[in-house]
1. Can you list the residues, at least 5 places off or on another chain, whose amide H is less than 5 Å from the amide H of His31, using H built in the peptide plane?
2. Where in the range 78-156 are there trypsin sites (Lys or Arg not before Pro) that are in a DSSP coil and have at most 14 other Cβ atoms within 10 angstrom of their Cβ?
3. Kindly write out, for the range 85-99 in residue order, the coupling ³J(HN,Hα) from the Karplus curve 6.51 cos²θ - 1.76 cosθ + 1.60 (θ = phi - 60°), rounded to whole Hz, with x marking Gly and Pro.
4. So how far, in whole Å, is the C-alpha centre of the range 248-303 from the one of the range 24-89?
5. Hey, what number do you get for the chain at 222 nm if only DSSP H runs of n ≥ 4 count, each worth -39500 (n - 2.57), divided across all residues, to the nearest 500?
6. Which whole-number percent gives the relative contact order of the chain, counting Cα pairs below 8 Å spaced six or more residues apart?
7. Do any GluC sites (Glu not before Pro) in the range 1-106 lie in a loop, going by DSSP, with at most 11 other beta-carbon atoms within 10 Å of their beta carbon, and if so which?
8. Amide H to amide H under 5 Å from Leu197: which residues, 5+ apart in sequence or cross-chain, H placed 1.01 Å off N in plane?
Amino acid sequence: MTGSPPPADLFLGERFAAHLGVAGDWLHGVHREDHLRIGVTRLSGRHALEERLAPTVAEDAFSLVHLLRGLDLHERWCGGRRVFGGAYAADTVSVLDLREPVQCRLRGEVDAVQYYVPRAALDAFARDNDAGPVDTLAWCRQTPDPIVASLSRILLAAPAAGPANGVFVEQICLGLLAHFAGTYGRMRPGTPCIGGLAAWQERRAREIMQARFATRLTITDIARECGLTASHFARAFRRSTGQPPHRTLTEIRIERAKALLRDEALSLSDIALACGFNDQSYFTRIFTRAVGSSPGQWRRAHRG
């Protein structure tokens with residue numbers, strides 16, 4: 001998981017925003033073995049140009065744009081032929097196969113989230129789930145997608161949580177990838193994981209969480225140590241423990257925070273950093289939700 005700028009040679013982030021003529025704010029990216037699996041960019045700005053935009057860049061990838069608010073006009077041309085035109089409602093999704101350059105014309109206030117998905121990422125996801133490759137992605141442009149709408153808003157809130165929340169954010173992004181592959185690409189997974197983790201795998205996963213709870217630990221990192229793919233590991237971990245990996249990691253961080261709160265020489269911000277939260281306000285929210293009282297209240301109640 002990364003909040004750093006996306007690869008400059010891919011049609012996402014500021015590069016995609018500049019193509020549209022709006023502002024672009026890179027939010028998240030999930031990588032596997034140094035290859036981008038899904039990239040997330042916030043798009044915003046007023047678009048009033050009447051001429052068509054330049055043709056899109058040809059890449060073996062998909063650009064899926066979730067409109068947080070409606071758009072007055074969106075027209076598209078492919079091979080010189082007008083494919084469609086009209087208004088887009090809020091929470092609809094525009095899917096663009098970047099293999100074939102197209103031209104668009106936009107009018108209205110742009111407030112959206114772009115999901116950039118390389119075709120190789122879809123192929124890898126299909127292999128992880130013992131399914132055939134996804135040929136294309138398609139969605140009815142007039143139909144809102146409540147799943148994408150919900151997950152987009154979670155991701156928009158996630159940056160304030162800091163990098164310590166990387167495991168949770170990674171799971172949301174991988175969930176979107178699964179949704180795109182299954183719902184938009186009609187991917188049909190093979191036999192689901194029946195068993196849980198082997199004893200050594202669960203033990204190793206917990207050891208890694210205990211040792212690296214203050215770092216940018218991701219599901220992929222833990223799964224690799226257990227010899228599994230991220231999706232297989234997440235399913236097996238939940239089957240073995242009854243909860244997802246990110247919740248177990250959060251519990252470890254909370255317990256460490258309780259131990260440090262007994263030392264009154266440490267500030268709450270110091271404890272947040274030492275426990276991997278990297279943001280005191282986020283630490284306070286998560287601690288309060290888990291324990292039922294704020295870190296300051298808990299410290300006062302457990303003095304001496």
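1. Residues meeting the criterion, in which the H sits 1.01 Å from N, are Arg37.
2. Qualifying residues, ordered by number: Arg99.
3. Each residue of the range 85-99 in turn: x, x, 7, 10, 7, 4, 6, 8, 10, 9, 9, 10, 7, 6, 5 Hz.
4. 41
5. Roughly -12000 deg cm²/dmol at 222 nm, from the helical runs in the chain.
6. Working: 553 pairs, mean separation 43.7, N = 304.
Computed value for the chain: 14 percent relative contact order.
7. Glu33, Glu50, Glu51
8. Under 5 Å from the amide H of Leu197: Ser240.
Just so you know, all these numbers are worked out from the coordinates, no wet-lab data involved. Since the model is a prediction, treat every value here as computed from it, not as a measurement. Every residue, glycine as well, gets a Cβ built from its backbone with ideal geometry; the counts of neighbours run over all protein chains shown.
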